[in-house]
Ligand code: HEM
């Protein structure tokens with residue numbers, strides 16, 4: 001994944017646990033974090049997974065919790081990193097924004113040609129909830145999506161009930177989401 005992602009993990013850890021915690025995590029993951037990740041450079045996914053695994057072990061949190069916190073943090077971090085206008089452009093309501101996630105990642109590909117983005121599809125249900133399909137070439141990131149959804153809901157001054165319904169096949173997860181505010 002692009003260095004932007006690994007830098008965000010660093011930002012989250014340093015904000016909440018300090019720079020020494022980040023150094024310990026890099027040592028544990030056997031990664032030279034000292035020289036820093038370049039945001040616009042593509043790195044092996046194994047580095048990101050190693051960082052999440054080491055953060056989980058070092059901080060005594062399960063990997064799902066780390067990924068969920070990371071997802072929520074991502075919605076703030078990308079604004080700090082200059083993607084605020086892009087986020088604003090992609091929708092004035094949470095629904096509209098979710099429906100535009102694929103075109104947003106498509107646009108991002110213009111500056112990150114090696115991007116391997118996820119794909120989202122929202123199906124409105126008769127009861128007012130939505131089924132959100134998340135498809136990815138990567139395994140194990142469903143908890144990150146839960147955090148992302150929470151972060152996005154805050155951004156739209158809303159609150160979501162989120163249920164991970166199932167994973168009908170590898171690389172495909174279904175969530176039921178309902179706006180409660
Ligand atoms: C403008 C803000 C955003 C930027 C710049 C951005 C960029 C990226 C980048 C660079 C990656 C790593 C993939 C790679 O390097 O191949 C990624 C992955 C991902 N993004 Fe975004 N993204 C943004 C917003 C969002 C939002 C709001 C969501 C909400 C659902 C989202 C969902 C994901 C997920 C789930 C992944 C993990 C990769 C996977 O599932 O395979 N992103 N994004």
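Since every read-out is calculated from the coordinates, none of them should be taken as a lab result. Fair warning: this is a prediction, and the values are worked out from it, not measured in the lab. Here Cβ is always computed from backbone atoms with ideal geometry, including for glycine, and neighbour counts include all displayed protein chains.
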Net length gained if the chain between residue 40 and residue 15 were fully extended (0.36 nm per residue, minus Cα distance) = 6.8 nm
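With N set to the number of residues, divide the alpha-carbon radius of gyration of the chain by 2.2 N^0.38 Å and report two decimals.
Scaled against compact globular proteins, the figure is 1.03.
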task = Return the whole-Å distance between the Cα centroid of segment 11-60 and the Cα centroid of segment 152-174.
result = 26 Å
query = So what is the calculated 222 nm ellipticity per residue for the chain, using -39500 (n - 2.57) for each DSSP H run with n of 4 or more, over all residues, to the nearest 500 deg cm²/dmol?
reply = -15500 deg cm²/dmol
request  = Describe numerically, in nm with one decimal, the distance between label points set 7 Å from Cα along Cα→Cβ at residue 116 and at residue 76.
outcome  = 3.0 nm
inquiry  = From Cα pairs below 8 angstrom and at least 6 apart in sequence, can you work out the relative contact order of segment 3-61, rounded to a whole percent?
reply    = 45 percent
ask   = In nanometres, what is the gap between the two model label sites at residue 159 and residue 123, each 7 Å from Cα along Cα-to-Cβ?
value = 2.9 nm
key: Folded to 0 to 90 degrees: helix 19-29 orientation relative to the chain principal axis, Cα   = 90 degrees
remark   = Checked segment 75-143 against the a/c 1.5 cut and the a/b vs b/c comparison, axes a ≥ b ≥ c from its Cα gyration tensor; verdict oblate
request  = Report relative contact order for segment 1-146 in percent, whole number only (criteria: Cα-Cα under 8 Å, sequence separation at least 6).
outcome  = 22 percent
request  = Identify the residues of segment 74-103 with backbone N under 18 Å of a label point that sits 7 angstrom from the Cα of residue 135 along the Cα-to-Cβ direction, or state none.
outcome  = 98-103
message = I need the shape label for segment 90-179. Rule: rounded when a/c is under 1.5, else prolate if a/b > b/c, else oblate, with a, b, c from the alpha carbon gyration tensor.
response = oblate
Acute angle (nearest 10 degrees) that the helix 142-155 long axis makes with the longest principal axis of the chain, alpha-carbon atoms = 70 degrees
inquiry  = I'd like the orientation of helix 3-17 relative to the chain: the angle between its Cα long axis and the longest Cα principal axis, in ° from 0 to 90, rounded to 10.
reply    = 80 degrees
